[in-house]
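The values are calculated or read from the model by the stated rules, or taken from the named source; none is laboratory data. Since this is a predicted model, take the numbers as computed values, not measurements. All Cβ positions, glycine included, derive from the backbone under ideal geometry; neighbour counts span all protein chains shown. Heavy atoms of the whole protein, side chains included, go into the accessibility calculation; ligands, DNA and RNA do not. Shrake-Rupley method; radii C 1.70, N 1.55, O 1.52, S 1.80 Å.
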Amino acid sequence: MKKVRVESSLEQNMAFMKKQLCLDKNFDIVYRVVQLGDRKGALYFIDGFTKDEILEKIIEFMMKQGAEGLPPEPHMFSKELMPYGEIELVDQMDQLVTKLLSGVSCLIVDGYDRAITIDCRTYPSRSVQEPEKDKVLRGSRDGFVETLVFNTALIRRRIRDPYLTMEVLQAGERSRTDIALCYIEDRVDTKLLDEVKKKINHLKVDALTMNQQSLAECLYPYKWYNPFPKFKFSERPDTAAASMLEGNIIILVDNSPSAMILPSSAFDIIEEADDYYFPPMTGTYLRLSRFLITLVTLLLTPVFLLLVQNPQWLPEWLEFVRLADEVNVPIIFQLLILELAIDGLRLAAVNTPSMLTTPLSIIAALVLGEFSVKSGWFNSETMLYMAFVTVANYSQASFEMGYALKFMRILILVLTALFNVWGFAAGIAIVVLAVGFNRTISGKSYIYPLLPFSWKEFKARFFRQRLPHEID
């Protein structure tokens, strides 16, 4: 939008607003011309975004002013005649239009070369409740929602520190999406912070259609051959607050009910809030269990395939691993079909109405489980191992990490089927290189403190330690 200053003439400003906002077509953009003392003013607001009772009180107060005249300049007007806290003066029409479309009410007064914005907006929103994905066994039960101001308030409630800073930026030439950068000023990596702000301010994008995912793709161009995530996403304000206290940056995007945490390593992404809501011994057990299960989900089916292809390697105490029934479909195809079918069932569960979820899941378990084995398509062993992998994937909350492990698992399976033990070794080597040569968005190692190794940080990552404190 071309930059145009607010004029002293009310008629010129109203003509600009009418043309720019298509007021004769948009029924929800409301304006009203009011008499303010010896001058006229035009009040603009969007129906549904404004607290009607507050706006009514403000208009009533202003219209009660006598005809003796208004203050000569807008700053005095806002101080003397605007009985509200969130007031701002704007001298550019493009800024005024953006604020109005964000839900802020705008007042233009004849003779003033600056408009007055009144932030008495309210957004339709759901209640602050525990997120479906990031549930905990013990701890707070609130979660982020789609309204940016509510999300920042949830963090402010937990960190009452004057160094807690929340900067608002905008991205998207069409959407003008609000983005909040949240950090603690004396703990944040200032170099990374300046780089992130610079990238957001210089984004040339039409709109952030997918909210945080669109922003993540703009901030850091992903390499398609390395699926491991660079960011951690969380819908829990306690997780976001704890990450900020560790020096991380939290990015909140309007209309998105989750926080983007950066920089994030592999260990940051695997961590969960339950590790800290239980005593150190229990938290350590949960953390180590999650790490172990993550490795098992990656290696279980490839190792099974390798042993099926080389049954002579099995010692007597592992004879039960041998396939009991005749193999009609090659094991590699069974595993790949199940990998695809599980994702199909997951998508079906997302799109299934809640009232039908239970009966359909029962039908799917009976038909796809028992009858697929009886028909000869699948062996019971492959069904068992893939069932474990599917359930174990939900032991950690990150969808992105789960799918990265899935892609690596499929790669190892294919290489093992083609080249036997050498293919298995090559697949493991590719996974190690993909993780080892990966970097966080700040340029540090993706698997620190393993590479480079730090014993102190290693203990903190793998073993839940007591909260450091002193007693006076």
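Data for the structure
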item: All positions within segment 295-352 that are farther than 29 Å from Val432 by Cα and β-branched (Val, Ile, Thr); result: Val327, Val329, Val350, Thr352
item: Given (1) in contact with a Gly (Cβ under 8 Å, 6 or more places away or on another chain); (2) open to solvent by 20 Å² or more (accessible area, probe 1.4 Å); (3) at pLDDT 85 or above; (4) not aliphatic (A, V, I, L, M), index of the condition Trp455 fails; result: (1)
item: Sole residue being among the β-branched types (Val, Ile, Thr) and either at pLDDT below 85 or assigned to a helix (DSSP H, G or I) (or both), chosen from Val350, Val329; result: Val350
item: Options Gly423, Gly427; residue that is free of Cβ contacts under 8 Å to residues at least 12 places away in the same chain, in a helix (DSSP H, G or I) and crowded, with 18+ Cβ neighbours inside 10 Å; result: Gly423
item: Any pair with Cβ under 8 angstrom, 6 or more apart, that starts in segment 380-393 at a residue that is in contact (Cβ under 8 Å) with a residue 12 or more places away in the chain and crowded, with 19+ Cβ neighbours inside 10 Å and ends at one that is of a type outside the set (Phe, Trp, Tyr) and not in a helix (DSSP H, G or I); result: Glu381/Leu323; Glu381/Ala324
item: Candidate set from segment 139-183 (those that are over 17 Å from the mean Cα position of the chain (by Cα) and among the hydroxyl-bearing types (Ser, Thr, Tyr)); member that is nearest to Leu252 (Cα to Cα); result: Thr165
item: Residue tally, condition among the aromatic types (Phe, Trp, Tyr), open to solvent by 70 Å² or more (accessible area, probe 1.4 Å) and in contact (Cβ under 8 Å) with a residue 24 or more places away in the chain, over segment 1-49; result: 0
item: Tyr112 being aromatic (Phe, Trp, Tyr) and open to solvent by less than 50 Å² (accessible area, probe 1.4 Å); result: yes
item: Residues (outside any helix (DSSP H, G or I) and among the small types (Gly, Ala, Ser)) located in segment 210-250; result: Ser234, Gly247
item: Residue count for segment 177-234, restricted to those that are β-branched (Val, Ile, Thr) and either under 26 Å from Ile270 (Cβ atoms) or touching a residue at least 40 places away in the same chain (Cβ under 8 Å) (or both); result: 5
item: Elements of type helices (runs of 4 or more DSSP H) in segment 44-138, at least 3 residues being hydrophobic (A, V, I, L, M, F, W, C) and on the phi < 0 side of the Ramachandran plot; result: 52-63, 93-101
item: Qualifying positions in segment 159-201 - open to solvent by less than 20 Å² (accessible area, probe 1.4 Å), more than 19 Å from Tyr220 (Cα to Cα) and not in a loop (DSSP other than H, G, I, E, B); result: Leu164, Tyr183, Ile184
item: Among residues of segment 82-116, those that are touching a strand residue (DSSP E or B) at 6+ places or on another chain (Cβ under 8 Å) and over 18 Å from Leu169 (Cβ atoms), counted; result: 20
